[in-house]
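Reading through the structure tokens given below for one structure.
The values are calculated or read from the model by the stated rules, or taken from the named source; none is laboratory data. These numbers were taken from a predicted model, which means no experiment stands behind them. Here the Cβ positions follow ideal geometry from the backbone for every residue, glycine too, while neighbour counts run over all protein chains shown. Areas reflect the complete protein model, heavy atoms only, side chains present, ligands, DNA and RNA absent. Shrake-Rupley method; radii C 1.70, N 1.55, O 1.52, S 1.80 Å.
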Amino acid sequence: MKPSPLDSLAGIILSLQADGRVPYSRFSASVMRQAQSLFDSGALDVERNGGGRSVVIKNSVALSGYISANYPDGLRATVVDGEGNRTRGVRLHGNSKKTGNMDREVIVFRADFPSPPFLTGLHEGFVMGSFILSNNAGASFSGRVATVENHELFAKYDWEAAGFHVALLTSGRASNRFISWLASDSMKDAQYTHFGDYDPVGLDEFARMYDKLGERIKLYIPDNVEEMFKTYKNKKLVTDSGKILFRLSAIHHPDIDRVTGLIREYGGGVEQEVLLMGNELV
């Protein structure tokens, strides 16, 4: 059995190559958007066919060029054993994002124990390590665990002095896989504190984690948070954020409500690196 077409348009092109024409009705609105350049370039055209309309090939060279540019490995969804999603996207579409999220990701951590699995080195008192997270399977940690959005705070802050056992780098938005791992049995003895930017996107990230972890996770808000907003607010952090703020208002979480109130009052957000400027974590 031949592999199936990569998508609806690939199936239509295969039918065109085999039969010379296909009913125009096969071109849904979404397929037509995808195929519009084929009509614009003259590769395909619409002809009357009895009482209806058909699509035919008008320029086979232009069609071949489109196929080479958009389906570099051909029109059918061939399988390569052991291939990752992102690699498959490049091979089949020339675009790593076309075939979904990564099936594996690298998690970087700092921890307070002397000989963790996956140890890679020491960094300012905490060991630094990494591991591959596949599905929800990864390392196990317990105690106070910080989830940290940005690299500088992750790398420079003295997490041990602040009473944390582990710091996990999310590198911006965490994947759904990462959050599911936090909620898995392998992390059942961990209690989480999230460190993100004090802006709508950072709060939305905390809300995603809270949805999975509930009261096991809290948002870190320093005592001097209002002074931070007075001094270091950045108006660009709240540009076009109305929809996110509206969504956050429906959650009714006290920490989210407090920070969104400050965002509205001061007309800006604050980036988490402000916590490295002499503020003490508690």
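Data for the structure
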{"read-out": "Out of Phe126, Phe178, sole residue that is farther than 21 Å from Ala207 by Cβ and either at pLDDT 90 or above or touching a Phe, Trp or Tyr at 6+ places or on another chain (Cβ under 8 Å) (or both)", "value": "Phe126"}
{"read-out": "Criterion (over 17 Å from Gly20 (Cβ atoms) and surrounded by fewer than 13 Cβ atoms within 10 Å (Cβ to Cβ)) met by exactly one of Ser37, Ser68, Ser60, Ser41", "value": "Ser68"}
{"read-out": "Residue check, Ile244 modelled with pLDDT of 95 or more, out of contact with any strand residue (DSSP E or B) (no Cβ under 6 Å at 6 or more places or on another chain) and buried (at least 16 other Cβ atoms within 10 Å of the Cβ)", "value": "no"}
{"read-out": "Selection from the stretch 22-51 of residues that are farther than 21 Å from Ser64 by Cβ and more than 31 Å from the chain's Cα centre (by Cα)", "value": "Pro23, Tyr24, Ser25, Arg48, Asn49, Gly50, Gly51"}
{"read-out": "Residues of the stretch 54-80 that turn out to be closer than 19 Å to Asp7 by Cβ and either among the basic types (Lys, Arg) or part of a strand (DSSP E or B) (or both), as a count", "value": "3"}
{"read-out": "Filter result (touching a residue at least 60 places away in the same chain (Cβ under 8 Å) and touching a Gly at 6+ places or on another chain (Cβ under 8 Å)) within the stretch 182-197", "value": "Gly196, Asp197"}
{"read-out": "Residue ID - nearest to Met187 (Cα to Cα), chosen from residues in the stretch 222-241 that are open to solvent by less than 60 Å² (accessible area, probe 1.4 Å) and out of contact with any strand residue (DSSP E or B) (no Cβ under 8 Å at 6 or more places or on another chain)", "value": "Pro222"}
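One line per residue, one yes/no per condition, for (1) farther than 27 Å from Ala139 by Cα; (2) without any contact (Cβ under 8 Å) to a residue 24 or more places away in the chain:
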| site | (1), (2) |
| --- | --- |
| Leu169 | no, no |
| Ala174 | no, no |
| Asp199 | yes, no |
| Leu203 | no, no |
| Glu215 | no, yes |
| Asn224 | yes, no |
| Lys235 | yes, no |
